[in-house]
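The values are calculated or read from the model by the stated rules, or taken from the named source; none is laboratory data. Keep in mind that this is a model prediction, so the values were computed, not measured. Every residue, glycine as well, gets a Cβ built from its backbone with ideal geometry; the counts of neighbours run over all protein chains shown. All accessible areas refer to the heavy atoms of the entire protein, side chains included, with ligands and DNA or RNA removed. Shrake-Rupley method; radii C 1.70, N 1.55, O 1.52, S 1.80 Å.
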Amino acid sequence: MAEEPELDVLLSTELTFPPPSGFVAGAGWSDPAVYERAAADPEAWWAGWAEELEWIEPWHTVLDWSDPPHAKWFEGGKLNVSANCLDRHVAAGRGGKVAFHWEAEDADQAGPEGRRVITYDWLLDQTQRFANVLKGLGVGKGDVVGIFMPMIPETAVAMLACARIGAVHNVVFGGFSASSLKERMEVSTAKALVTADATLRRGAPMPMKEKVDGVLPDLPDLEHVVVVNRCGTGCAMLDGRDIDWQEAVAAADPVCVPEPMDAEDPLYILYTSGSTAKPKGIVHTTGGYLTQVAATHRMVFDLKDDDVYWCAADIGWVTGHSYIVYGPLANGTTSVMYEGAPDYPGKDRWWQIIERYRVSILYTAPTVIRSFMKWGEALLAGHDLSSLRLLGSVGEPINPRAWLWYHEHIGGGRCPIVDTWWQTETGAIMISPLPGITTTKPGSATLPLPGIKAAIMDESDEMIEEGGGTLVLTTPWPAMARTLYGEPERYIETYWSRYGNDVYLVGDAARIDEDGYVWIVGRIDDVINVSGHRLSTMEVESALVSNEGVAEAAVIGVPDDATGQAIVAFITPQDGVEAGDGFTIALREHVAEKIGKLARPKRIYFADDLPKTRSGKIMRRLLRDIADGKELGDVSTLRDPSVVDSLAGQVKASGGR
Ligand code: PRX
């Protein structure tokens, strides 16, 4: 095991993969001159992409950057996102095209409902109807609607219906806890919430509405809850407040004229973790966002009309927003949407899906690829993956070994890999290969896309041509976040103050090599990336200290073979609390309840005190060394050097597991 990281380093410096000639021949973008063309006039470049959309009124100014960091894109323009994603395809006679091949987790047992063919016609009909349901509940332009849903087509319908009437959706990942949901509804003053009775997970229904019911008394602004019956669990419904989706949609007026929205009107809020315990409500707007998600989806995935595209993320994350819903639908794409776990009922479920629908583009995360690696190639035997022509990766750095495995075993050595770097804040892909142009290097997201400018700053705040430092974006881009919901000052402080108000601080450390390729190294703030999901150390710490048995908690991220990073917690229990396996289990469960299962610490160590300086500051760097089992050197400056021995002893005893 110890050699693996070194092997990765070795591979990452040596291997290059030019685009296969067959791929180049059929690629929409194969001429590198596209980069120069975009760089020569970025506004004209983005305006060209915006023209591909349907506008109700044209814009008068492509970009107003006179008051950085506040950008306005396509000012004066009016459009509707749902009309762009649905109506124009239907109007062009493409209503019968499949938007989603939806596969239930229990597809084989569920009869015809287990595999639903969702056409553009159907999506438009349902979206209009549900938009009218929302209107009937008093939801209008600018109102916030919460969405807490499983991976079902109705989730996309709910988002599109909000967009149709100008309501702002706030999707909360279905795996989050009730208290995380409550916090996100509270701070965004959501007026209505769309949810389901339950979600199917590994064969069993997991209640969702029941979770919601637990927090509704604390949400006075939330007037209505619309419930999709996914699992037939017969959840409790409160007369006057709770509405049955199926009944309401069936009874609704089937016509809803799309609301003309300003290009800069908000489309959605999506909460993500920052360096404090309080999540940040990233606000995305309409015209620029749709322009860039549609453009990048088409270019990065070299999209063809007959592609069957599968982005295996959850709609609850930004990847799902931009590359399951808005980008693909704006481009009239046929996608696969799968409801459930990758290893249910068998660990070859994904390969069955690819074979069944003849998937040609697969977009997933390194953590999933590493799971498949662990499960082994034998599971691929007997599955025909020859329909695949392009593979994508997102969410965290992909280590070269996983890249090579993905390339060889999933891509059969013939599919280019696009390692796409971006963030909730950027809204759309920023750094990525173009598969018909870029020579890839496993582990590098390669180069900023045409129209995007990135740079690396060194310790003395100088931009460097080669070497390591802090990643920044130096010009505005259409899909950029416009603010943090309700916290405009925090937006500026977090992203636009370190290097001046026109340079965006990404929060990632990165290296740039002799070819200008970007290699993301990790975060520079207190954000931990577990399986591609962002969590702040403080968020997890405050969940832990809210347990009455905990006096103090410190949380760090450590490298992990499976999940990229894993959460390790150091805890000082309250007097009289027994620190043992029972307490560890209780604390993991407590974090699951407070935030969600994804935030559970992998390991928990206990000590009577945490390593602190004499002024009382917790020494996180030392905690990292302890967790790594490193030699610790001089610890005599600590307030209580003996705690280090105790913690190091536990790490050793647990074998770091
Ligand atoms: O650290 C980078 C990492 O994920 C962060 C963004 O997380 P989030 O907003 O949750 O969005 C994830 C999906 C876009 C980044 O700051 N990250 C994302 N993609 C990559 C990556 N790190 C390396 N390579 C990537 N391709």
Next item on the list: For the stretch 16-143, report the convex hull volume of the alpha-carbon atoms normalised per residue, in Å³, without decimals.
Entry: 256 Å³
Next item on the list: Skip the ligands, DNA and RNA, and give the accessible area per residue of the stretch 526-653 with a 1.4 Å probe, whole Å².
Entry: 47 Å²
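How big is D, in µm² s⁻¹, for the stretch 287-353 by Stokes-Einstein at 20 °C and 1.002 mPa s if Rh is the Kirkwood radius over C-alpha pairs?
On the way: Rh = 12.7 Å.
Here the translational diffusion coefficient equals 169 µm²/s.
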Checklist line | Nearest-10 value in Å² for the accessible area of E355, using the 1.4 Å probe | finding: 60 Å²
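How big is the Cα convex hull of the stretch 526-653 in projection, averaged over all directions, in nm²? Intermediate results must be reported in sequence, preceding the final value.
Details: hull surface 30.1 nm².
Seen from a random direction, the Cα hull of the stretch 526-653 projects 7.5 nm² on average.
Could I get the Rg over Rh figure for the stretch 455-511? Both from C-alpha atoms, Rh via Kirkwood, rounded to two places. Before the final figure, lay out the partial values.
Working: Rg = 12.0 Å, Rh = 12.0 Å.
When Rh is taken as the Kirkwood radius, the ratio is 1.00.
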Note to self: Report, in listed order, any pair from K374/K602; K182/K280; K97/K209; K72/K141 with a Cα-Cα distance greater than 22 Å.
What the structure shows: K97/K209
Note to self: Residue by residue through the stretch 424-430, what is 3J(HN,Hα) from phi via Karplus (6.51 cos²θ - 1.76 cosθ + 1.60, θ = phi - 60°)? Round to whole Hz and write x for glycine and proline.
What the structure shows: 3, 5, 7, x, 9, 4, 10
Check: In square angstrom, rounded to the nearest 10, how much accessible surface does H533 have for a 1.4 Å probe?
Finding: 40 Å²
Notebook entry, point to check: According to a simple spin-label model (label point 7 Å from Cα along Cα-to-Cβ), what is the distance in nm between D244 and T276?
Noted result: 4.5 nm
Checklist line | Under Karplus coefficients 6.51, -1.76 and 1.60, residue-wise ³J(HN,Hα) of the stretch 99-114 in Hz, glycine/proline x | finding: 8, 9, 8, 9, 10, 6, 4, 9, 3, 6, 9, 8, x, x, 6, x
Next item on the list: For the chain, evaluate the Debye formula with one uniform point scatterer on each Cα (no solvent term) and list log10 I(q)/I(0) at q = 0.05, 0.06, 0.08 Å⁻¹, rounded to two decimals.
Entry: -0.22, -0.32, -0.59
Next item on the list: Report the dimensions of the stretch 386-507 along its three principal axes from the alpha-carbon atoms, largest first, rounded to Å.
Entry: 50, 33, 23
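Counting only protein heavy atoms, what percent of the accessible surface of the stretch 224-374 is carbon or sulfur at a 1.4 Å probe? Working shown, then result.
Values: 2280 of 4440 Å².
Carbon plus sulfur share of accessible area: 51 percent.
Computed FRET efficiency, Cβ-Cβ of R94 and V558, R0 56 Å: what is it to the nearest 0.05? Provide the component values of the computation, followed by the final result.
Values: r = 49 Å, r/R0 = 0.88.
Step by step, r from the Cβ atoms, then E = 0.70.
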Check: Rg/Rh for the stretch 162-217: what does it come to with C-alpha atoms and Rh from Kirkwood?
Finding: 1.00
Next item on the list: Please give, to one decimal in nm, the separation of the simple spin-label points placed at D31 and R115, each 7 Å out from Cα toward the Cβ.
Entry: 4.3 nm
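All other residues with a Cβ under 13 Å from the Cβ of L632 taken together, and with Lys, Arg as +1 and Asp, Glu as -1, what is their net charge?
Values: positive: R621, R624, K630, K652; negative: D625, D628, E631, D634, D645.
My count for the surroundings of L632 gives -1.
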Next item on the list: Return the Cα extents of the stretch 109-170 along principal axes one, two and three, sorted largest first, each rounded to a whole Å.
Entry: 40, 23, 16
Next item on the list: List the residues whose amide H sits under 5 Å from the amide H of V550, counting only those 5 or more places along or on another chain, with H placed 1.01 Å from N in the peptide plane.
Entry: Q574
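Expressed in nm to one decimal, what extension gain is obtained for the pair T439 and E462 from 0.36 nm per residue of sequence separation less their Cα-Cα distance?
Working: separation 23, 0.36 × 23 = 8.28 nm, distance 2.79 nm.
So the extension gain works out to 5.5 nm.
What FRET efficiency comes out for W375 versus S646 if R0 is 22 angstrom and r is the Cβ-Cβ distance? Round to the nearest 0.05. Let's see the in-between values first.
Values: r = 37 Å, r/R0 = 1.70.
Using R0 = 22 Å, I get an efficiency of 0.05.
How high is the FRET efficiency from K453 to E489, r the C-beta distance, R0 30 Å, rounded to 0.05? Intermediate results must be reported in sequence, preceding the final value.
On the way: r = 26 Å, r/R0 = 0.87.
The formula returns an efficiency of 0.70 here.
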Notebook entry, point to check: In nm, what is the difference between 0.36 nm times the number of residues separating T61 and E589 and their Cα-Cα distance?
Noted result: 184.9 nm
Notebook entry, point to check: When the accessible area of the stretch 467-607 is split by element with a 1.4 Å probe, what percent falls to carbon and sulfur?
Noted result: 48 percent
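Using 0.36 nm per residue, how much length does the chain from D221 to E631 gain when fully extended, once their Cα-Cα distance is taken away?
142.2 nm
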Margin query: List the residues, sorted by chain then number, that are 5 or more residues from V226 or on another chain and whose placed amide H is less than 5 Å from its amide H.
Written below: L193, V194, T195, I243
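For the stretch 214-348, go through all pairs of different Cα atoms, get the mean of 1/r, take its inverse, and jot down that Kirkwood value in Å.
It is 18.5 Å.
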Checklist line | S387 paired with D608, simple spin-label distance in nm, labels 7 Å along Cα-to-beta-carbon | finding: 6.4 nm
Checklist line | Cα convex hull volume per residue for the stretch 42-106 (Å³) | finding: 145 Å³
Check: Tally Lys/Arg at +1 and Asp/Glu at -1 over every other residue whose Cβ is under 9 Å from the Cβ of H224; what's the total?
Finding: 0
Note to self: What is the sum of charges, Lys and Arg at +1 and Asp and Glu at -1, for the other residues whose Cβ falls under 12 Å from the Cβ of D106?
What the structure shows: 0
Note to self: Could you work out the pair-distance distribution P(r) of the stretch 297-413 from its alpha-carbon pairs, with 10 angstrom bin width and percents rounded to whole numbers?
What the structure shows: 13, 49, 34, 4
